[in-house]
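Engineer: Let me begin by handing over the structure; questions about it come next.
The values are calculated or read from the model by the stated rules, or taken from the named source; none is laboratory data. Keep in mind it's a predicted model, so treat the numbers as computed, not measured. Glycine also receives a Cβ, built like all others from the backbone with ideal geometry; neighbour counts cover every protein chain displayed. Quick note on the areas: whole protein, heavy atoms, side chains included, nothing else; ligands and nucleic acids left out. Shrake-Rupley method; radii C 1.70, N 1.55, O 1.52, S 1.80 Å.
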Amino acid sequence: MDKNLIQRTLSGIVYVAVIILCTTPLGAQLINSISPDLVKQQYLYYGLISLLMGVGSWECFKIMKFGKGYERFVVFPLVIFIFYVFSKRYFNFDFFFDFRLSEILAMVLIVIAAVTLFKFPNELYFDSGKLIFTVIYVALPFSFALGLPKFTSYDDSFSLEVLFLFILIWSSDTFAYLTGKFFGKHKMAPKISPKKTWEGYIGGVVLTLILSYFVEHYHPDLRGNWMVVGFLVAAFAPIGDLVESQLKRNFAVKDSGNIIPGHGGVLDRLDSFIICVPVVYLYFILEKFI
């Protein structure tokens, strides 16, 4: 068997296992079975998101090749500060999914950053542009991810929104790939991602919707309607892949990193997650008023 295939398989299994343990009560149950009351699930999830955000920020910093100006010294403190602001809300159980100007502004900035990447890439060749893009592209989505699961200060419950978000993203990528491989004829973005086709995109949406129906049917306790979440994930996950591909293309980089052997870096694996999180978060805000 090909060594690269073995490496990809093993690292993929470890990656999925870590996601499951940190986004479900299984992680805390496993640790507390060894030493009772050692950790709460909320802390495992926070640790996971903090790690992914930190590594992702470093990868983006390396991809964009910061110069020797002051920006390289400001980027990480600014990322940490923004994440800290959201962290206070996380630990104070202060995510109420109301319309807050700061959150809406943050989501608008993510859209502007993506548009700039595609339409005005020259703006990102300056260190000031690199600084702003890194903070918006990495810090804000992972900060919003802290608000997705439901839990309160009254108990140790931890809901499964993030786990199923990952599952739908993985299914969307897989279904789109398989549909595109067998039926794909019309290229979606040939210069950015030559293998993506419109047939694959449509197949990913349809099949992910089918999977999301079962999520909604068997887990009615989840926040929102997961048929809607499934559609949003399938619609925006490929955009996340295109955004990261364009970022690497602009700076002539093949992979964002190698922290996951055979799979690349955090940004390579979570490109869809980065775009889907703000979209799903916005849906959870709107869902309260519908």
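Engineer: Would you confirm whether any residue within region 193-208 is among the aromatic types (Phe, Trp, Tyr), open to solvent by 30 Å² or more (accessible area, probe 1.4 Å) and closer than 20 Å to LEU163 by Cβ?
Structural biologist: no
Engineer: In this structure, is PHE133 part of a loop (DSSP other than H, G, I, E, B), out of contact with any Pro (no Cβ under 8 Å at 6 or more places or on another chain) and open to solvent by less than 60 Å² (accessible area, probe 1.4 Å)?
Structural biologist: no
Engineer: Would you mention how many residues in region 48-71 are in a helix (DSSP H, G or I) and either hydroxyl-bearing (Ser, Thr, Tyr) or in contact with a helix residue (DSSP H, G or I) (Cβ under 7 Å, 6 or more places away or on another chain) (or both)? I'd like the intermediate steps shown before the answer.
Structural biologist: To start, the set of residues in region 48-71 that are in a helix (DSSP H, G or I) comprises 48-64, 71.
Checking the rest, the ones that are also either hydroxyl-bearing (Ser, Thr, Tyr) or in contact with a helix residue (DSSP H, G or I) (Cβ under 7 Å, 6 or more places away or on another chain) (or both) come to 48-50, 52-53, 55-57, 59-61, 63-64, 71.
Matching residues across region 48-71 total 14.
Engineer: Which one of LEU124, LEU148 is at pLDDT 90 or above, part of a loop (DSSP other than H, G, I, E, B) and open to solvent by less than 30 Å² (accessible area, probe 1.4 Å)? Even if it seems obvious, please write down each step before you answer.
Structural biologist: On the way: LEU124 fails: part of a loop (DSSP other than H, G, I, E, B).
On inspection, the qualifying residue turns out to be LEU148.
Engineer: Further question: Show the residue pairs meeting these rules: Cβ distance below 8 Å; 6+ apart or different chains; first residue within region 259-270 and on the phi > 0 side of the Ramachandran plot and surrounded by fewer than 20 Cβ atoms within 10 Å (Cβ to Cβ); second residue in a loop (DSSP other than H, G, I, E, B) and of a type outside the set (Val, Ile, Thr).
Structural biologist: Correct list of pairs: GLY264/ASP255; GLY264/SER256; GLY264/GLY257; GLY264/ASN258.
Engineer: For region 54-65, state whether one or more residues are without any contact (Cβ under 8 Å) to a residue 60 or more places away in the chain and surrounded by fewer than 12 Cβ atoms within 10 Å (Cβ to Cβ).
Structural biologist: No, that holds for no residue.
Engineer: Quick one: which residue in PHE133, PHE93, PHE118, PHE99 is on the phi > 0 side of the Ramachandran plot and of a type outside the set (Asp, Glu)? Full working, then the answer.
Structural biologist: Working: PHE133 fails: on the phi > 0 side of the Ramachandran plot; PHE118 fails: on the phi > 0 side of the Ramachandran plot; PHE99 fails: on the phi > 0 side of the Ramachandran plot.
It is PHE93.
Engineer: Going through region 26-72 one residue at a time, which ones are aromatic (Phe, Trp, Tyr) and more than 21 Å from GLY257 (Cβ to Cβ)? Let's see the steps before the verdict.
Structural biologist: At the first step, the residues of region 26-72 found to be aromatic (Phe, Trp, Tyr) are 43, 45-46, 58, 61, 66, 70.
Correct list: TYR43, TYR45, TYR46, TYR70.
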